[in-house]
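K.L.:
Okay, handing you the structure first.
Nothing in this text is a laboratory measurement; each read-out follows from the coordinates by a stated rule. Everything quoted here is computed from the prediction, not taken from an experiment. So basically every Cβ, Gly included, is an ideal-geometry build from the backbone, and we count neighbours across all protein chains shown.
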Amino acid sequence: MTESVTERPFVHFDGVQKSYDGETLVVKDLNLEIAPGEFVTMLGPSGSGKTTCLMMLAGFEAATSGEIYLKGEPINNVPPHKRNIGMVFQNYALFPHMTVAENLAFPLQVRKMRRKDVKDKVARALGMVQMDEFGSRKPAQLSGGQQQRVALARALVFEPQLILMDEPLGALDKQLREHMQYEIKHIHEQLGVTVVYVTHDQSEALTMSDRIAVFDDGVIQQLAPPAELYERPENAFVAQFIGENNRLPGKVTAIENGVARVALDNGPEVLALAINCGEVGNRTVLSIRPERVQVNHVTDANRLDGHVQELIYLGDHIRCRMQVCGNDDFIVKVPNSPEHAMLREGETCTVGWNTEDCRALDLAHGAM
Amino acid sequence: MTDATANQGPDGLLLATDGTPLKAKLRQSMKASRRRAFGLVLPLLLFVLASFVIPIIMLLWTGVSNDTYAANMPRSAPLMRAWDGSSQPTEAMAEAMVLDMIDARKAKTIGKVASRVNREQSGTRSLYTKSARRAAKMEPPFLDALVKADKDWADIETWRATKIAATSLTPAYYAAALDYKYTADGEFVEQDEVRQIHVQLFWKTIWVSGAVMLFCLLLGYPVAYLLSHLPAKKANLLMILVLLPFWTSLLVRTTAWIAMLQSQGVLNDIFVWLGITGDEQRFSLIYNMTGTLIAMTHILLPFMILPIYSVMRAIPPSHVRAAKSLGATNWTAFWRVYFPATIPGIGAGGLLVFILSIGYYITPALVGGQDGQLISNFIAYHMQRSLNWSLAAALGGILLAIVLVLYWLYDRIVGIDNMKLG
């Protein structure tokens, strides 16, 4: 997908800034290109500016500076109803006084479509979300998941090429949410529309997206496909925000071939990939995923003592909280398999990791 | 849940573990809390009953029942009621009448009786008082003695009027309230054209209430919209301005309108100053229908704004946004999505303003002049001046019936559950 971006972006944020009060920027210099047919998720904590970006794209907020292009056309001065962008809202925003079929017919009626065409398209859209029999119901008579489907069908029924979704699954329970994630993903693949999706739920983002833009403080911290985001976070915020992460602060003592030698606070020197740690002498934070920590079978040079504090049995794996180098929150996931010795609380063991699994990152977001 | 079926009694009812039906058990367990809830509302219930429900029922009762005659003329009342109203009055009737008159004069109640009969036929008041003065000296045959005292006693209409007055339970007042006359034969005939005022007044009251409701809606809807869309700080300030009239006495506000609207008042002065009208032809904005409409609209406006505002505030902004994202223009989004969502508020506000204005009294009385009087002013007149409480009660009863019918209509069309007062 990334190759096609260079050809002709479908959506293009060019140096967009947004401020509500003229004093602080909610969105700082946003540059983002989205290819046709791509599923891009804006992920970030609340207040990070992701929803504001979506609202600017939909036309409900005006960019304070910069320009947004849709299919190469600047759209800053195009009112929302002329942008032809489908949108699914957080609480579905179904019109309560209309039936499901009337809700779906609404965008077609305002486009002055013929009555028969409206009927056909509504029926097809309902079929797509498996809601054929619910056309005559009012939204209040539907469950959350059904309302979600109707909202999705309504955003799709007038065949827009771009769909925006603002935390559409936030109000559903976990099981239904996961089910709907797959369903949205399938509809996206089936129709080939471009989707911009906003969420604060990282597992949702990882499941569905082609690329994820991680927002914090009005800035995209990293824009990458899900696997890369998890495996190779570029800064401490992304490492901490996506998935579980162990952090060990220290000081860079040497950098050689992209590998940093780091003297841990209250611990020995270890090796880590130098990603974003600056120069020798800088303070840094090491980031290691819990499942990449080795216990007692340490293969690499990085060896530390761990004191087992707490064990939580989770079936397929055991979650172990240890004290490592004075850090009480060092989490290790030990697979529940015969070759792994059972740990006991209070025990001291050896933990370690492969150098390429440990990343030395900036301290800016990592200040604890 | 297998044991739930095991607990079923022979008649299919669910049983509790001790064998009593579950429903009875539930009632029993709820008894204490029900009693406590009842105890909490009891003082208010008694107060409302004593000060509101019972007086209203009693007053409504006076609308169909007036025992002034029956209570003060005990001998003649049953005879009059028994009389067929067309045959010649008998000597027995005359004798009872004369004896009653002597007693009533002693008890000083003859005046009340006389005005009661007078309501059925004008001119009978003096007939009664005059005859009562002479009654003590009358001698049998009393029929002739009465005619000698006043020849009107020979007129059968006098006796027919008395018959109506002697009947305590009567639809006469309701008939009068609807501009009909109830005759001694038990028939309803239309009142003379010049005396038909009530029906016209009812229509006028309904018309004024409807107009006030419409003006309140036209003026209040945009304000409510603004209120619900402003940031909290400004909305609070505006809300205080909306509520300000509530904190000022109704009388003060109405008199303020007099100062504003009278022919030498602020508004007319401005009109003259602007050259809109000459000094000699000032607009008459008060002591007529215009004054009533202006003052009532102003006073009832908050009752329209508040319910609409509370409904508007509950409409998620995403609904209008969704409509726009689906391709609706601002107007279509408003008319097809936003406006239908505000209908419960419009209904509540409209019903509230209409019901309040249909019984409005002080404002029309002060600024309405001759032309701006409503049915409530007429009811007050009968309560305070003419002392015809029964007619006042009948008028009030009809007013109540109109409100109830409107309420029922509203429930049928909009549904009372949709009403939101805030």
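K.L.:
Taking the alpha-carbon centroid of each part, what is the distance from region B:242-311 to region A:54-128 in angstrom?
P.N.:
When both Cα centres are located, 46 Å separates them.
K.L.:
Taking amide hydrogens as modeled 1.01 Å from N in the peptide plane, which residues meet the under 5 Å criterion relative to A:Tyr197, leaving out close sequence neighbours?
P.N.:
A:Val40, A:Thr41, A:Met42, A:Met165
K.L.:
Oh, and also: With a 10 Å radius around each residue's Cβ, average the other Cβ atoms per peptide and rank A:214-226, B:33-45, highest first.
P.N.:
Going from most to least packed, we get A:214-226, B:33-45.
K.L.:
For a label point 7 Å from the Cα of A:Arg319 along Cα→C-beta, name the residues of region A:204-238 whose backbone N is under 18 Å from it.
P.N.:
Once the point is set 7 Å along Cα→Cβ of A:Arg319, A:204 turn out to lie under 18 Å by backbone N, inside region A:204-238.
K.L.:
Right, here's the next one. Hey, which lysines would be in cross-link range of A:Lys185, C-alpha to C-alpha under 19 Å, not counting anything within fewer than 8 residues on its own chain?
P.N.:
A:Lys174
K.L.:
Is any residue of region B:120-162 close enough, with backbone N under 12 Å, to a label point placed 7 angstrom from the Cα of B:Asp103 along the Cα-Cβ axis, and if so, which?
P.N.:
none
K.L.:
For the Cα atoms of chain B, what angle does the longest principal axis make with the long axis of helix B:250-261, in degrees from 0 to 90, nearest 10?
P.N.:
Tilt of helix B:250-261: around 90 degrees.
K.L.:
Roughly how far apart, in whole Å, are the Cα centres of region A:245-287 and region B:383-407?
P.N.:
The two parts, judged by their Cα centres, are 91 Å apart.
K.L.:
A follow-up question, please. What is the sum of charges, Lys and Arg at +1 and Asp and Glu at -1, for the other residues whose Cβ falls under 10 Å from the Cβ of A:Thr253?
P.N.:
+1
K.L.:
Still on this structure, please answer the following. When the C-alpha atoms of region B:198-418 are aligned to their principal axes, what extent does each axis show, in angstrom, from largest down?
P.N.:
Rounded to whole Å, the extents work out to 64, 49, 29 Å.
K.L.:
Something else: Take every residue in peptide A:20-30, count the Cβ atoms of other chains within 10 Å of its Cβ, and give the average of those counts.
P.N.:
Counting other chains' Cβ atoms within 10 Å and averaging over A:20-30 gives 0.
K.L.:
For chain A, what proportion of DSSP beta bridges, expressed in % and rounded to the nearest 5, is antiparallel?
P.N.:
75 percent
K.L.:
Now a separate question. Compute the distance from the alpha-carbon center of region B:132-154 to that of region B:321-363, in whole Å.
P.N.:
Distance between centres, Cα-based: 70 Å.
K.L.:
Compute the Rg/Rh shape ratio of chain B: radius of gyration over Kirkwood radius, all on alpha-carbon atoms.
P.N.:
1.14
K.L.:
As I understand it, the value is the acute angle between the Cα axis of helix B:375-384 and the longest principal axis of the Cα atoms of chain B; what does it come to in degrees, rounded to 10?
P.N.:
The helix B:375-384 is inclined about 40 degrees to chain B.
K.L.:
A further question on this structure: May I ask you to order A:66-78, B:311-323 by the average number of other C-beta atoms within 10 Å around their residues, highest value first?
P.N.:
B:311-323, A:66-78
K.L.:
Return an integer: the convex hull volume of the alpha-carbon atoms of the protein assembly as shown, in Å³ per residue.
P.N.:
Dividing the Cα hull volume of the protein assembly as shown by its residues yields 326 Å³.
K.L.:
Still on this structure, please answer the following. Please say if region B:138-210 is rounded, prolate or oblate, where rounded means a/c under 1.5 for a ≥ b ≥ c the square roots of the C-alpha gyration tensor eigenvalues, and otherwise the choice is prolate for a/b larger than b/c and oblate otherwise?
P.N.:
Prolate is the answer for region B:138-210, as a/c is 1.5 or above and a/b outweighs b/c.
K.L.:
While we're on this one: Once R0 is set to 45 Å, what does the formula 1/(1 + (r/R0)^6) return for the Cβ-Cβ distance between A:Ser337 and A:Asn31, expressed as a FRET efficiency to the nearest 0.05?
P.N.:
Approximately 0.45, to the nearest 0.05.
K.L.:
What stretch of chain B, leaving out the sites themselves, is the longest with no GluC sites (Glu not before Pro) in a DSSP loop having at most 10 other Cβ atoms within 10 Å?
P.N.:
B:1-186
K.L.:
What is the average number of partner chain Cβ atoms found within 10 Å of a Cβ in A:91-103?
P.N.:
4
K.L.:
Moving on to the next point. I need the Debye-formula profile for region B:247-356: one equal scatterer per C-alpha, no solvent, reported as log10 I(q)/I(0) at q = 0.11, 0.16, 0.19 1/Å, two decimals.
P.N.:
After summing over all Cα pairs, the log10 values are -0.59, -0.81, -0.91.
K.L.:
When a/c reaches 1.5 or more, the comparison of a/b and b/c decides; with that in mind, is region B:68-173 rounded, prolate or oblate per its Cα gyration tensor?
P.N.:
rounded
K.L.:
Give, as a single signed number, the net charge of other residues whose beta carbon lies under 13 Å from the beta carbon of A:Gln146, with Lys and Arg counted +1 and Asp and Glu -1.
P.N.:
Overall, the nearby charge balance is +1.
K.L.:
List the residues of region B:257-281 whose backbone N lies under 19 Å from a point placed 7 Å from the Cα of B:Leu244 along the Cα-to-Cβ direction.
P.N.:
Of the residues in region B:257-281, B:257-261, B:266-267 have backbone N under 19 Å from the label point off B:Leu244.
K.L.:
Right, here's the next one. Which percent of Cα pairs goes in each bin when the distances of region A:195-320 are cut into 10 angstrom slices starting at zero?
P.N.:
So the P(r) values, bin by bin, are 11, 35, 33, 19, 2.
K.L.:
Viscosity 0.890 mPa s, temperature 25 °C: give me the Stokes-Einstein translational D for region B:218-265 in µm²/s, with Rh taken as the Kirkwood radius over C-alpha pairs.
P.N.:
Reported coefficient: 195 µm²/s.
K.L.:
Enumerate the lysines that A:Lys116 could reach by cross-link, defined here as Cα to Cα under 29 Å, with residues fewer than 8 away along the same chain left out.
P.N.:
Hits, sequence-local ones excluded: A:Lys82, A:Lys138, B:Lys324.
K.L.:
Continuing with the same structure: Hey, got the average number of other protein chain Cβ atoms within 10 angstrom for residues in B:327-340?
P.N.:
4
K.L.:
Would chain A count as rounded, prolate or oblate if I go by the C-alpha gyration tensor, calling it rounded below 1.5 in a/c and otherwise prolate when a/b exceeds b/c, oblate otherwise?
P.N.:
The shape class here is prolate.
K.L.:
Same structure, new question: Going down the table (B:Lys112/B:Lys181; A:Lys50/A:Lys71; B:Lys112/B:Lys137; B:Lys137/B:Lys181; A:Lys251/A:Lys333; A:Lys71/A:Lys119), which pairs top 24 Å between alpha carbons?
P.N.:
With Cα atoms farther than 24 Å apart: B:Lys137/B:Lys181; A:Lys251/A:Lys333; A:Lys71/A:Lys119.
K.L.:
Let me ask something else. Could you work out the percent of alpha carbon pairs in region B:247-300 separated by over 15 Å, rounded to a whole number?
P.N.:
I get 47 percent for the Cα pairs in region B:247-300 exceeding 15 Å.
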